[in-house]
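Take a look at the structure below.
Any read-out appearing in this document is the output of simple, stated calculations on the displayed coordinates, not a laboratory observation. All values reported here derive from a predicted model rather than from experimental measurement. Glycine gets a Cβ as well: all are built from the backbone with ideal geometry, and neighbour counts include every protein chain shown.
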């Protein structure tokens, strides 16, 4: 039995009375005041999340770019220093290893941000792909703390603590700066559907910065757990590994076509992805809202006209819309927007309707 891992903010969560859970081998806060409260805080004001469990892998050297171009589906070649790219790592058969962010941090130097539960798998996979290229790959996951400050007031709260002008930083870009005197990467990214920043720092500085941000926000900021992080990303239709993405799901089926650059040349998984693009995707992710009472959960079967057409990938109560919503992977030709479907909940057919996604899109 491997020992449960702790982020540098573990003591801070316990001090604040967070409800802690085992999340993929990490001791993490699932909620503080409650998922609904925390969710509304991020949609209306600001929320603070511990994302220090995420992985950071540095790729550096003369062949770093060509190596990453072969690894990920998106085109990183035009990312200037200070830009981030979202991409997908695929297996040769087109299934998904993980999704990730690629930060162009310096000349011939990139930082890959991978999902917490996949750090070891991704690390092994990335190293397996290295041939005789001139580059070094270093797993720096334990060296970093990472705090996400998200919501309409996130920028103004963080601005109080830094001399770096935050407003001019474009979405999916970052700057090196200081927060309360501590050296950080200030990245305008997030996983909530709101504006905000992900702040990377040395692990030893994470607790100090967490407390500084909470103090700067006062009544306008709430510490948030994994529960709200999931409902927020779900409403914005941001995919989650193990749900909307697995080793059996092609990124085209997840709806990630805009992050696949077939024109850039070869990358791992390109052939099956290109074939599917040409022939059409057999499955797709759709959103639905419950008509009858019931909460859909992952893996519940979806039927249409008595025929099994797919299964739920994520389902939950949506605090923003005060109703039960779901995402499902379904047969492309069988299911369209406005169709009525049945979710099989405890052997009963429960009515739902397919709707347009994302469920939530913030007004710019």
Please compute the Kirkwood hydrodynamic radius of the chain from all pairs of different C-alpha atoms, in Å with one decimal.
21.3
Please work out the ratio of the alpha-carbon Rg of the stretch 282-364 to 2.2 N^0.38 Å and round it to two decimals.
1.01
Assuming a ≥ b ≥ c are the square roots of the Cα gyration tensor eigenvalues, decide whether the stretch 183-315 counts as rounded (a/c under 1.5), prolate (otherwise, with a/b larger than b/c) or oblate.
oblate
Where Rh is the Kirkwood radius over Cα pairs, Rg/Rh for the stretch 41-112
1.06
Nitroxide proxy distance, nm - points 7 Å out along Cα→Cβ at residue 165 and residue 362
2.1
The stretch 188-231-the stretch 108-135 distance, computed between alpha-carbon centres (Å):
26
One finds, for residue 19 and residue 130 with R0 = 35 angstrom and r their Cβ-Cβ distance, a FRET efficiency to the nearest 0.05 of 0.25
Of 283, 70, 14, the most mobile residue in a GNM of the chain (C-alpha springs, cutoff 10 Å) is 14
Beyond 28 Å, the calculated P(r) of the stretch 22-180 holds a percent of Cα-Cα pairs equal to 29
Mind checking which of 311, 156, 222 has the largest fluctuation in a GNM of the chain, springs on alpha carbons under 10 Å?
156
For the stretch 29-69, list residues with backbone N below 20 Å from a point placed 7 Å from the Cα of residue 4 toward its Cβ?
29-35, 49-55
Measure out, as a whole number of angstrom, how far apart the alpha-carbon centroids of the stretch 328-357 and the stretch 47-104 sit.
33
Over the chain, the sum of -39500 (n - 2.57) across DSSP H runs of at least four, divided by residue number and rounded to 500 deg cm²/dmol, gives at 222 nm -6000 deg cm²/dmol
